[in-house]
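First comes the structure, then the notes that go with it.
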Amino acid sequence: MPKQLYIETVGCQMNMLDSELVVASLRKAGYVVVDTPAQADTILFNTCSVRQHAEDKIYSALGRLKHAKKHNPDKIIGVLGCMAQKDQKLIFERAPFVDLIVGPGQLHQIPDLIEKIHAGEGRQMEVSLDRKAGSRELVEQSFESYDPLRDPQMRPTPFQAFVRIMIGCDKFCTYCIVPSVRGPEQSRPAAHILAEARQLADEGCREITLLGQTVNSYQHTADGQTTRLSDLLAELHEIEGLARLKFVTNYPKDMTDDLLWAVRDLPKVSPYLHVPAQSGSNRMLGRMKRGYTVEEYREMLVRIRETIPGSAVTSDFIVGFCGETEEDFHETVELVRESRFKNSFIFKYSERPGTKSFQLYPDDVPEEVKRRRNNELLAVQNAISEEDNLPLLGQTVEVLVEGPSKVAQRNDDGASNLQLVGRTHCDRIVVFDGNRRQVGQLLDVAIYDVDDFTLFGSVVTQHVGPEVYSL
Ligand code: 5AD
Ligand code: SF4
């Protein structure tokens, strides 16, 4: 009888990749994945600590399992990822029925830790060192990058893959918990990344998205030779079979010209850059310790648009950061209005114990003001997104087909014709009718409708074979 695994993942792409790799390692150990916690004998939560809300969701999901654990004490319940690193033993205190706590730097140990619990060794906790607990070298060693050999059968979509190129972050923006829970910035050796990408391409992968908290700060030196992200992209570009290369998330100050030239000159690299601005007010950027002024951010945008005309830029913003006045907020609105991002992710500031802003500044913008600013900024961005999608009406775009759309997934009756979803080279989402066999292909799609978020189109059928004329 195979063991049944249920896993829930919240947070960023890094967490999605971590969960994929944890699932793969447990499948190798004889687990099958099930759809509900009720069916499972092992329940894992891969967690996020960036905002309070993400943590609350996990604690309430854990609360709902209290009874299940009482009725079935052999069920294993585990908390993985950023919350495990941040709260550590506190999780055992708040949810005493949890068996397993594993930080993002110890994920490779999960199969062994579960074995120990089964063997009666009691609950298990493995986390990395606190950033101040020892020398940089020691702390770095305690955060182990989790990049085992990929197993093609175990990827959610065989045609797309995330590849980690660095872990951790050294920027210490004052609002952000990531540098504490994901540890010091460490770039992976280029040779490892290239080997992983080659293997993925051999298995039929068409698109690779390189991941790093500040992906464009990537730098690795081996045998006296330094590889930057631009160099890495040039090498990845040579790999046969790969059609698209993307990378997230960029840090504005590290958006160097060599990287922009690489995006311009390498056709497989998507002309799409996610470069969070966070605020349009210099006072807020200073308090956030982002390390740039709004003028410098604007200058960077000009450079991007001059170097890569037609590229899509996206951003993140935090509204209601400590001390944000209406005037500060309007400066952010102004930046969004003039920058014409493809889209922006907007977040209400969430105070995180353990960060500098938690220590230094009161969280003094009322919740309803944060909510209003969030909605206002989103409305400005959405109007721009729709306006900028309009010129695509009637155009033909090249789409990498990702799979059935959400609607088709809900009503899946196994038919080969169904609604598909894919993305353009600039990361725009396209929905169209197609055939299951087209998943993983690059297709031309003619656009007949757009909204702020999605393009709707139909596949351009190509005429193949000789023309036959009646005489
Ligand atoms: N509160 C709200 N948003 C935050 N982010 C990071 N930390 C916080 C916080 N404490 C946002 C930033 C970042 C995105 C991933 O999450 O905008 O770019
Ligand atoms: Fe957090 Fe700033 Fe690092 Fe991004 S760059 S992960 S916001 S500390």
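Each value in this text was obtained by applying a stated rule to the coordinates, not by laboratory testing. Everything quoted here is computed from the prediction, not taken from an experiment. Neighbour counts are summed over all protein chains in view; Cβ atoms, including those assigned to glycine, are modelled from backbone coordinates with ideal geometry.
Numerical summary
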| read-out | value |
| --- | --- |
| Computed FRET value (nearest 0.05) for Ala119 with Thr454, which takes r as the C-beta separation and R₀ as 45 Å | 0.35 |
| Student exercise, region 162-312 dipole from Lys, Arg, Asp, Glu Cβ charges, in Debye to nearest 20 | 780 |
| For Gly183, distant residues with modelled amide H under 5 Å away | Cys169 |
| Residues Asp151, Asp451 arranged by fewest to most Cβ contacts within 10 Å | Asp451, Asp151 |
| Protection-proxy order for peptides 192-200, 97-105, 35-43, each taking the mean of Cβ atoms within 10 Å per residue, highest first | 97-105, 192-200, 35-43 |
| Glu295-Asp130 FRET efficiency (beta carbon distance; Förster radius 41 Å; 0.05 resolution) | 0.65 |
| Cut-off 15 Å between beta-carbons: net charge of the residues surrounding Gly403, Lys and Arg +1, Asp and Glu -1 | +3 |
| Selected from Leu273, Tyr292, Val263, residue furthest toward positive end of dipole (region 257-333; charges at beta carbon) | Val263 |
| Flagged links, alpha-carbon separation over 19 Å, of Lys86/Lys356; Lys57/Lys289; Lys253/Lys356 | Lys57/Lys289; Lys253/Lys356 |
| Potential extension, His67-Gln88 segment - 0.36 nm per residue separation minus Cα distance | 5.3 nm |
| Length released on extending from Leu360 to Val32, taking residue separation times 0.36 nm less the Cα-Cα span | 113.4 nm |
| Straight-distance crosslink candidates among lysines, where the alpha carbon sits under 20 Å from Lys246 and sequence neighbours closer than 8 are dropped | Lys268, Lys342 |
| Rounded Å value of the spacing that divides the Cα centres of region 218-239 and region 163-204 | 14 |
| Options Ser49, Thr325, Gly212, ranked by Cα towards positive dipole end of the chain, top entry (Cβ charges) | Ser49 |
| Separation of alpha-carbon centers, region 282-345 and region 15-38, rounded to whole Å | 38 |
| Inter-part distance where region 126-142 and region 354-429 are each reduced to a Cα centre, Å | 37 |
| Student exercise, region 253-406 dipole from Lys, Arg, Asp, Glu Cβ charges, in Debye to nearest 20 | 360 |
| Amide hydrogen neighbours beyond the local backbone of Phe345, cut-off 5 Å, H modeled | Ser315, Asp316, Phe317 |
